[in-house]
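Only one structure is covered here, and it is reproduced in the block below.
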Amino acid sequence: MLKLAVFDWNGTLIDDLPIAYESVVAIFSSFNLPSPTLAQYRNEITVDFMKFYRAHGMHKSVPPEQLNAIRRRYLEDHWRKPKLHPNSKEALMICKNVLGINVAIVSGEIAQVLEKRLDDFQLRPFIDHVTGSAYDKEE
């Protein structure tokens, strides 16, 4: 019997590829560096995002917190752009209210950004546990 449903956030529950890539462009622009292509972003970005930035010319002295601050500002300024994938909210509701199982979201998304979006989309009633900024999702 199922006891827990665990969902990823980016690209799974929310269709955020365009805004995620735009935030990458904003980061590279703020350092006057050429941005990787959308295809490069899709193929190369991982939870260990600093490898991606370093591979595309970001100096090693730039800390992840500085990149995350730029990304967080960009996402906050454009948060209305991404929409939930069709049936995302319904899937969470069914898990919680119909199947009676616990629901968790584990995401590499910046924790504060994730928490805000869950509130914006009114998903809180269907979620028991949230872990954002998860750099080791297996853990």
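A compact table of results
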{"item": "Whole-number percent relative contact order across the chain, with pairs defined as alpha carbons under 8 Å at least 6 apart", "result": "33 percent"}
{"item": "Dipole magnitude (debye, nearest 20) for the range 27-139, charges at Cβ of Lys, Arg, Asp, Glu", "result": "380 debye"}
{"item": "Electrostatic dipole magnitude of the range 57-98 [Cβ: Lys, Arg +1; Asp, Glu -1; Cα centre; debye, to 20]", "result": "60 debye"}
{"item": "Neighbourhood net charge (13 Å Cβ-Cβ; Lys/Arg +1, Asp/Glu -1) for Ser23", "result": "-1"}
{"item": "Among Val25, Thr131, Leu67 - extreme Cα towards positive end, dipole of the chain, charges at beta-carbon", "result": "Val25"}
{"item": "Under Karplus coefficients 6.51, -1.76 and 1.60, residue-wise ³J(HN,Hα) of the range 98-113 in Hz, glycine/proline x", "result": "9, 7, x, 9, 5, 10, 10, 10, 10, 9, x, 4, 3, 3, 5, 5"}
{"item": "Per-residue [θ]222 nm for the chain (sum of -39500 (n - 2.57) over DSSP H runs n ≥ 4, rounded to 500)", "result": "-12000 deg cm²/dmol"}
{"item": "Accessible area per residue, Å², the range 1-101 with all protein chains present, probe 1.4 Å", "result": "61 Å²"}
{"item": "Convex hull volume per residue in cubic angstrom - Cα atoms of the chain", "result": "112 Å³"}
{"item": "All-pairs alpha carbon distance profile, the range 52-128, 10 Å steps from 0, percent", "result": "15, 39, 27, 15, 4"}
{"item": "Trypsin sites (Lys or Arg not before Pro) lying in DSSP loop within the range 23-130, provided at most 15 other Cβ fall within 10 Å", "result": "Lys60, Arg80"}
{"item": "Apportionment of accessible area to carbon and sulfur, the chain, percent (1.4 Å)", "result": "54 percent"}
{"item": "Tensor-based shape of the range 64-104 (alpha-carbon gyration tensor, a/c under 1.5 rounded, otherwise prolate or oblate)", "result": "oblate"}
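The values are calculated or read from the model by the stated rules, or taken from the named source; none is laboratory data. What you see is a predicted model; the values in this text were computed from it and never measured. For neighbour counting, all protein chains shown are included, and Cβ atoms are generated from backbone atoms with ideal geometry for every residue, glycine included. Each accessible area value is taken on the protein alone, full model and side chains, heavy atoms only, with ligands, DNA and RNA left out. Shrake-Rupley method; radii C 1.70, N 1.55, O 1.52, S 1.80 Å.
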